[in-house]
Amino acid sequence: MLKDRPIVLTRFPNGVNGKGFYEKDAPDGTPSWVKTAPIYSETAKRIVNYIVVNDLDTLVWLGNLAALEIHMPFSRLGSREKPDFVFFDVDPEPPATFDQAIEVALSAKQKLDGLGLESFVKTSGKKGLHIIVTIVRGPSFAQTRAFAHRIGQHLAREMAIVVSEFSDTKKPGKVFIDYLQNSQGRTMVCPYSLRAVEEATVSCPIDWTEVKKGLKPTQLNLLTMVKRKFDPWKNILENPQKLEVR
């Protein structure tokens, strides 16, 4: 999934108890064989040389940089304005629980099923869940963002715990369906990325049959991942779906 995507890193060269930093630019000393992509940043008003992970050697090199987290955009080089995913961040605000996020995620799946759209799910590695729908390139980010927003609005009308507007993001005890990441330049933590937390959790792709009350994100960590032999996202890119947009 990382192929041909300009990535962003969160690095912790002094360990997770040290001060980490967010890095977009390829660092000084980047080997010549590492693919980079120069992209102009409107915010920084300069060219940023993003790293592109198109081979295993680059991924191993990132490990040597103490890049514990790898974040990826929703579009590829060459078609950056056209996403190939729709992304839903199911984000519980305490005292809302992970079990309640699971309930909301399953309801979102039902909505997508009803539209004939296959969805895939992973833990965020922190407090929530990520749902994505792979799509045929064509719709703009504005259209995918509006689609994700509509799903959240429908759920908010049906479930008192759900909020779908940015102004309600931090309401205690609510689960926010975050649609705003569906924007050019925004990212999600990539599948199987570590998270820089004490439990060494992983943003782990899971099968929908695993999404049930009692699932704990802390169970999916650096040590347990090596025991998982099943990859529910193995063929995720093979059958992109046509998204009907307004």
Of the residues in the range 91-106, those that are surrounded by fewer than 19 Cβ atoms within 10 Å (Cβ to Cβ) and under 22 Å from T134 (Cβ atoms) come to L106
Kindly indicate whether K24 is under 15 Å from V8 (Cα atoms), under 20 Å from the mean Cα position of the chain (by Cα) and without any contact (Cβ under 8 Å) to a residue 60 or more places away in the chain.
-> yes
Would you confirm whether any residue within the range 189-197 is touching a Lys or Arg at 6+ places or on another chain (Cβ under 8 Å), charged (D, E, K, R) and within 30 Å of A37 (Cβ to Cβ)?
-> yes
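One line per residue, one yes/no per condition, for (1) on the phi > 0 side of the Ramachandran plot; (2) out of contact with any Ser or Thr (no Cβ under 7 Å at 6 or more places or on another chain); (3) among the hydrophobic types (A, V, I, L, M, F, W, C):
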| residue | (1), (2), (3) |
| --- | --- |
| R11 | no, yes, no |
| T58 | no, yes, no |
| L65 | no, yes, yes |
| G78 | yes, yes, no |
| D84 | no, no, no |
| E103 | no, yes, no |
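Rundown of residues vs (1) among the aliphatic types (A, V, I, L, M); (2) touching a residue at least 12 places away in the same chain (Cβ under 8 Å), yes/no style:
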{"site": "A108", "(1), (2)": "yes, yes"}
{"site": "K111", "(1), (2)": "no, yes"}
{"site": "G138", "(1), (2)": "no, yes"}
{"site": "S167", "(1), (2)": "no, no"}
{"site": "K171", "(1), (2)": "no, yes"}
{"site": "V175", "(1), (2)": "yes, yes"}
{"site": "Q181", "(1), (2)": "no, yes"}
Out of all the residues in the range 42-69, which are assigned to a loop (DSSP other than H, G, I, E, B), free of Cβ contacts under 8 Å to residues at least 24 places away in the same chain and within 15 Å of K24 (Cα to Cα)?
-> E42, T43, A44, K45
Members of the range 208-234 that are within 24 Å of P83 (Cβ to Cβ) and loosely packed, with under 14 Cβ neighbours inside 10 Å | D231, K234
Hey, which of the strands (runs of 3 or more DSSP E) in the range 102-199, taking only ones fully inside, have at least 2 residues that are over 30 Å from V226 (Cβ atoms) and in contact with a helix residue (DSSP H, G or I) (Cβ under 6 Å, 6 or more places away or on another chain)?
-> 175-178
Looking at (1) closer than 29 Å to E42 by Cβ; (2) touching a residue at least 24 places away in the same chain (Cβ under 8 Å), find the lone condition where V197 falls short.
-> (1)
Picking from T58, T10, T36, which residue would you name as being of a type in the set (S, T, N, Q), at pLDDT 95 or above and within 16 Å of R195 (Cβ to Cβ)?
-> T10
Looking at the range 200-246, which of its residues are of a type in the set (V, I, T) and assigned to a loop (DSSP other than H, G, I, E, B)?
-> V211, T224, I236, V245
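The values are calculated or read from the model by the stated rules, or taken from the named source; none is laboratory data. Quick caveat: nothing in here was measured; it's all calculated off a predicted structure. Quick reminder, even Gly has a Cβ in these numbers, built from the backbone with ideal geometry, and neighbours come from all protein chains shown.
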